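Below you'll find the structure, written out as structure tokens, and then a few comments.
What follows is calculated from the coordinates using simple rules that are stated; it is not laboratory data. What you see is a predicted model; the values in this text were computed from it and never measured. Quick reminder, even Gly has a Cβ in these numbers, built from the backbone with ideal geometry, and neighbours come from all protein chains shown.
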Amino acid sequence: MKQPLTITKLKKMKQNGEPISMLTAYDYPAAKLAEEAEIDIILVGDSLGNVVLGYDTTIPVTLDDMVYHSRMVARGATNTFIVTDMPFMTYHLGKETTLRNAARIMQEGHAHAVKLEGGAEIAEEVAALVRAGIPVMGHIGLTPQSVHQLGGYRVQGKLEKEAQRLIDDAKALEAAGAFSIVLELVTEPLAEAITSALSIPTIGIGAGRGCDGQVLVYHDILQYASPYHEKRMVKTYADIGTTIRNAISAYVSDVKTREFPQQEHAFPMEPELLQRLYGSGGESQASVDSTVKQPLKQQLNAPSADAVKGGGQS
């Protein structure tokens, strides 16, 4: 049986140069399939706001949403390390609030760790979580919860001042006790520099080849969306969206043309039982078939033989 990773094992993977695989999942079947494929880490990302809940951004996602989906994933992937995002404004509000919200994700959502977006400005909250025994994964670069402040989904670290800030943020998170950091939409040279400067693993998404691991969104690698929008940072491995659409379309066609269901999809009944229910001795099979085909409501509303004999009297 596959053994779940631990923080200690993850750090050893970095030391040994063994790449770390991480994928999002938001429900039981996706988590189960990811575990069967031997993914290292499952991220219950607040990206579920975009790909599952239909929002334009991750900002509307609530703590209840994350707990609910994390719990489903935990049931599906019982032997995989699960990290769950803390959604918008469930931290940044002081250590006590951060601890209370993270505790819900751990206790009710059954996650093994939480992920927070931000750098030096959340270092104290990260340190408080770690002191309380809650493992923390950091997330810098493009931070979707701050997309409006960042001016949209753009690559981070192109300017010297911006690049230095990201390096400082990564070091601050490491010093606060984070066990790993996601680098999203960061220039490849900067991601390599940050990775080299840290003793903890980096997980890249749109951050190039120099990170210790990679993470992508479940729906992106499978093109499980309609319409699907190509992303430069994503490699797709299957077109499940088209497969699902075609399968549903074929089902609709079969129903409309009465190709489904066929005899093999139905359940027969013993002829003797049919006779007892709908007919008596001399009735032909055609008569029985005719009775069976009557609408159920009509059969139920028909007067019984006793009622007819008695003229309906009580």
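Just going by the charge dipole of segment 1-159, with Lys and Arg at +1 and Asp and Glu at -1 on Cβ, which of Thr97, Gly138, Thr8 is farthest out on the positive end?
Thr8
Using 0.36 nm per residue, how much length does the chain from Arg209 to Lys161 gain when fully extended, once their Cα-Cα distance is taken away?
Working: separation 48, 0.36 × 48 = 17.28 nm, distance 2.28 nm.
So the extension gain works out to 15.0 nm.
Charges only on Cβ, +1 for Lys and Arg, -1 for Asp and Glu: so what's the dipole of the chain about the Cα centre, in debye to the nearest 20? It would help to have the intermediate numbers written out before the result.
Working: 29 positive and 37 negative charges, 32 e Å.
Charge dipole, the chain, about its Cα centre: 160 debye, nearest 20.
In terms of modelled amide H atoms, which long-range or inter-chain residues lie less than 5 Å from the amide H of Asp46?
Asp85
If you count, for each residue, the other Cβ atoms within 10 Å and average over each peptide, how do 247-256, 11-20 line up from highest to lowest?
Numbers: 247-256: 10.9, 11-20: 14.2.
Going from most to least packed, we get 11-20, 247-256.
Applying a 10 Å radius around every beta-carbon, put 67-73, 43-49 in order of their mean neighbour count, most first. Could you put the intermediate results ahead of the total?
Values: 67-73: 22.0, 43-49: 27.4.
With the highest mean Cβ count within 10 Å placed first, the list reads 43-49, 67-73.
Take each of the peptides 175-181, 98-104, average the number of other beta-carbon atoms within 10 Å over its residues, and list them starting from the highest.
Working: 175-181: 21.9, 98-104: 18.7.
Listed from highest to lowest mean packing, they are 175-181, 98-104.
For the chain, what does the helix formula give at 222 nm: sum of -39500 (n - 2.57) over DSSP H segments with n ≥ 4, over the residue count, nearest 500 deg cm²/dmol? Can you show the working numbers first?
On the way: 15 runs with 138 residues, N = 314.
Calculated mean residue ellipticity at 222 nm is -12500 deg cm²/dmol.
From the backbone phi of segment 22-27, what are the Karplus-calculated ³J(HN,Hα) couplings (6.51 cos²θ - 1.76 cosθ + 1.60, θ = phi - 60°) in whole Hz, Gly and Pro given as x?
Once rounded to whole Hz, the list reads 9, 9, 6, 8, 10, 8.
If you average 1/r across every pair of different Cα atoms in segment 26-76 and take the reciprocal, what Kirkwood value do you get, in Å? Don't skip to the answer; put the middle values down first.
Values: mean 1/r = 0.0894 Å⁻¹.
When all Cα pairs of segment 26-76 are included, the Kirkwood radius is 11.2 Å.
Positive end of the dipole of the chain, charges at C-beta (+1 Lys, Arg; -1 Asp, Glu), about the Cα centre: which of Ser180, Gln156, Tyr228 has its Cα farthest in that direction?
Working it through, the farthest residue towards the positive pole turns out to be Ser180.
Past 27 Å, Cα to Cα, is the threshold; run Lys12/Lys95; Lys14/Lys171; Lys11/Lys32; Lys9/Lys32 against it and keep the listed order.
Table pairs above 27 Å Cα-Cα are Lys12/Lys95.
Does segment 132-217 come out rounded, prolate or oblate, given a ≥ b ≥ c as the square roots of the eigenvalues of its C-alpha gyration tensor, rounded meaning a/c under 1.5 and, failing that, prolate meaning a/b above b/c?
Numbers: a/c = 1.43, a/b = 1.28, b/c = 1.11.
It comes out rounded by the Cα gyration axes.
Treat each spin label as a single point 7 Å out from the Cα along the C-beta direction, and report the Thr97 to Leu33 distance in nm.
3.8
What FRET efficiency would be calculated for the residue pair Arg232, Asp64, taking the C-beta separation as r and a Förster radius of 45 Å, to the nearest 0.05? Write out the running numbers ahead of the final one.
Details: r = 34 Å, r/R0 = 0.75.
Taking R0 as 45 Å, the efficiency between Arg232 and Asp64 is 0.85.
Given [x] 25.8; [y] 15.2; [z] 16.4 as candidate values of mean projected area of the Cα convex hull in nm², which corresponds to the one derived from the coordinates?
Among [x] 25.8; [y] 15.2; [z] 16.4, the one calculated here is [x].
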